[in-house]
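Read the figures in this text as sums done on the coordinates, not as results from a lab. Just so it is clear, the structure is predicted and the values come from calculations on it, not from any experiment. When we count neighbours, we look across all protein chains shown, and the Cβ atoms used for this are built from the backbone with ideal geometry, even at glycine.
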């Protein structure tokens, strides 16, 4: 199975605003970024599975690949709880530092840990691999892609943020005979 993990394009949010599971608008550059993404990808089979986070910044992109997109809440970005919509600079410095130092096991107030995201996206991943499809596109967020790549590469979760996942990037994996190859990251 060829698996393409695609991060949504740039959003219209100001830099520094926490918007994990908030449904934010796409930037005006969407059409230009869309053309770049499509140029990075091969032609897909008619039976290619297309999955997306239900958030519009992902779903809008996913729907350019197929009329039959399966949305899955497990593909949503990290839930930042009370921090959603706030500027990181406006959060109490000590609280933010504690979370930054311990994000794998510490959650923002009323949010979730990166370990929680890893578990829920891992459940999706196991179901995807069980489909035995030839091709699958997964349009999602940087945190989910990092978690899935950490799973694929057996990385400690704390190291997954060393993987750069740009807006509009494509990551390709291949699953064959119960073995997973990472063909490229952040294209």
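Principal-axis analysis of the Cα atoms of the chain puts helix 93-102 at an angle of about 40° to the longest axis.
Note on residue 184 and residue 132: their simple-model spin labels are 3.0 nm apart, each label 7 Å out from Cα toward Cβ. Using the Cβ-Cβ distance between residue 82 and residue 115 with R0 set to 22 Å, the FRET efficiency from 1/(1 + (r/R0)^6) comes to roughly 0.70.
Compared with the dominant Cα axis of the chain, that is its longest principal axis, helix 30-40 is turned about 50°.
Could you tell me whether the chain comes out rounded, prolate or oblate from its Cα gyration tensor? Rule is a ≥ b ≥ c as square roots of the eigenvalues, rounded for a/c under 1.5, then prolate if a/b exceeds b/c, otherwise oblate.
oblate
Annotation: for a label point projected 7 angstrom from Cα along Cα→Cβ of residue 153, no residues of segment 45-69 have a backbone N closer than 18 Å. Relative to the longest principal axis of the C-alpha atoms of the chain, give the angle of the C-alpha long axis of helix 114-130, reported between 0 and 90° and rounded to the nearest 10°. Helix 114-130 and the main axis of the chain meet at about 10 degrees.
For the pair segment 1-80 and segment 152-171, the centres of their Cα atoms are 17 angstrom apart. With Cα atoms as the point set, segment 14-98 shows a radius of gyration and Dmax of 16.2, 51 Å.
The modelled label-to-label distance between residue 163 and residue 100, using points 7 Å beyond Cα along the C-beta direction, is 2.3 nm.
Peptides 105-111, 152-158 ranked from most to least packed give 105-111, 152-158, packing being the mean of other C-beta atoms within 10 angstrom over each peptide's residues.
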